[in-house]
Amino acid sequence: MQVHVISTGKKRKSAYGDSLYIPEASSRECQLQDVKLWQQFLSGGIAGIVSRTGTAPFDRAKVLLQVQGSRPVLGSAENLGYIEVMRTMRKEGVRSFWKGNGTNCMKIFPENCVRYALFDSFCNKRYTNSQFIDRIISGGLTGIIVQTCVYPIELAKTRVMVDDVKVRPYQLMRRAVTDGDIRPLYRGLVPATLGVVPFAAMELGLSKWLTDRYKDKHHELPGGWRCFLYGGFACTTAVTCTYPFRLVTCQMQASSGSTTKVRTATVVKSILQKDGMRGFYRGYFANALKAVPASAIAWGVLNKSKELATQYNRWTSSYHKQ
């Protein structure tokens with residue numbers, strides 16, 4: 001399967017009634033032409049690994065701040081602030097900042113491969129008369145499918161990051177298979193899905209919509225810094241709106257090793273009793289500090305990877321014609 005960009009150099013009507021100029025394929029305006037399916041997968045995976053590895057210290061700090069309301073972290077029974085968490089991790093050594101990053105990359109590579117390929121596929125369909133709403137719907141549908149598929153790995157990543165005792169991801173998976181009960185691997189899936197659907201809808205949908213609007217107005221794809229800006233803005237909006245769901249999910253994931261069944265309502269009640277409504281935004285700053293640059297880097301790297309893939313395809317095509 002290939003993604004084609006029609007290039008005629010004429011004004012055409014889009015599916016949404018806008019008058020668009022489709023330029024000749026000569027510069028950056030059609031750099032995503034003829035991107036093959038395997039290249040889409042690879043571009044998404046590379047974008048995920050680069051963005052997550054670069055922001056791994058912020059990711060671990062975020063997770064520790066989120067779960068400390070339900071369990072001690074870093075050997076401290078007291079609630080730690082963001083600066084205290086970073087200082088404690090530094091005392092443990094540089095490798096502590098990237099603890100769990102291998103598991104994170106193991107999760108993010110296939111997730112982003114499928115995520116962006118699915119999103120592009122959904123974006124090729126028309127659901128309403130509004131391009132903006134269509135992009136939001138496409139992002140939400142992508143979020144539901146991807147979240148269900150990769151959730152056990154997400155849970156394993158959280159356990160690796162917060163447990164003081166060294167835990168291997170495969171040990172958690174093997175234990176579930178041996179016990180014949182995979183339900184612990186999906187503990188917290190409901191609030192996670194409730195948070196991921198609007199998050200993916202806004203993060204992916206807004207990024208794509210802003211990119212498309214720039215392309216329609218200027219007749220070319222946005223440059224690297226604009227892609228970073230669009231990805232960062234979309235993620236900031238998404239994080240602010242969906243953070244409480246993500247916090248509840250993280251606390252349920254951290255308690256997945258306990259024998260007592262933890263319900264979503266129980267976690268919500270506990271947060272309200274301890275910290276009130278402000279408790280639902282515990283660790284928000286750390287999360288935004290990690291998520292916004294990660295999303296910006298991922299969107300920028302994704303578009304750059306597709307641009308390079310297009311250049312490679314054109315080069316090989318011209319080479320074979322000679």
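Checking ASN129 against (1) within 21 Å of ALA238 (Cα to Cα); (2) out of contact with any strand residue (DSSP E or B) (no Cβ under 9 Å at 6 or more places or on another chain), only one condition comes out false. Which one?
For ASN129, the exception is condition (1).
Looking only at the stretch 81-103, count every residue that is under 20 Å from PHE285 (Cβ atoms) and among the charged types (D, E, K, R) and tell me the total.
So the answer is 3.
Looking at the stretch 80-111 only, could you name the residues that are part of a helix (DSSP H, G or I) and within 19 Å of the chain's Cα centre (by Cα)? Outline the logic, then answer.
Keep residues of the stretch 80-111 that are part of a helix (DSSP H, G or I), which gives 82-92, 94-98, 101-111.
Listed by number, the residues that qualify are TRP98, ASN101, GLY102, THR103, ASN104, CYS105, MET106, LYS107, ILE108, PHE109, PRO110, GLU111.
Any residue in the stretch 305-320 that is more than 15 Å from PHE41 (Cα to Cα) sitting within a Cβ distance under 7 Å of a residue that is open to solvent by less than 80 Å² (accessible area, probe 1.4 Å)? List the pairs, counting only those 6 or more apart or interchain.
ASN313/ASP34
So, in the stretch 255-291, of the ones that are among the aliphatic types (A, V, I, L, M), surrounded by fewer than 21 Cβ atoms within 10 Å (Cβ to Cβ) and under 30 Å from PHE228 (Cα atoms), which residue ends up modelled with the lowest pLDDT?
It comes out as LEU289.
Just a yes or no: is a residue in the stretch 296-306 over 15 Å from VAL50 (Cβ atoms) and assigned to a helix (DSSP H, G or I)?
Just the residues of the stretch 296-306 that are over 15 Å from VAL50 (Cβ atoms), to begin with: none.
No - not one qualifying residue is present in the stretch 296-306.
The values are calculated or read from the model by the stated rules, or taken from the named source; none is laboratory data. These numbers were taken from a predicted model, which means no experiment stands behind them. Every residue, glycine among them, receives a Cβ derived from its backbone with ideal geometry; neighbour counts consider all protein chains shown. When the accessible area is computed, the model is the full protein with side chains, heavy atoms only, and any ligands, DNA or RNA have been set aside. Shrake-Rupley method; radii C 1.70, N 1.55, O 1.52, S 1.80 Å.
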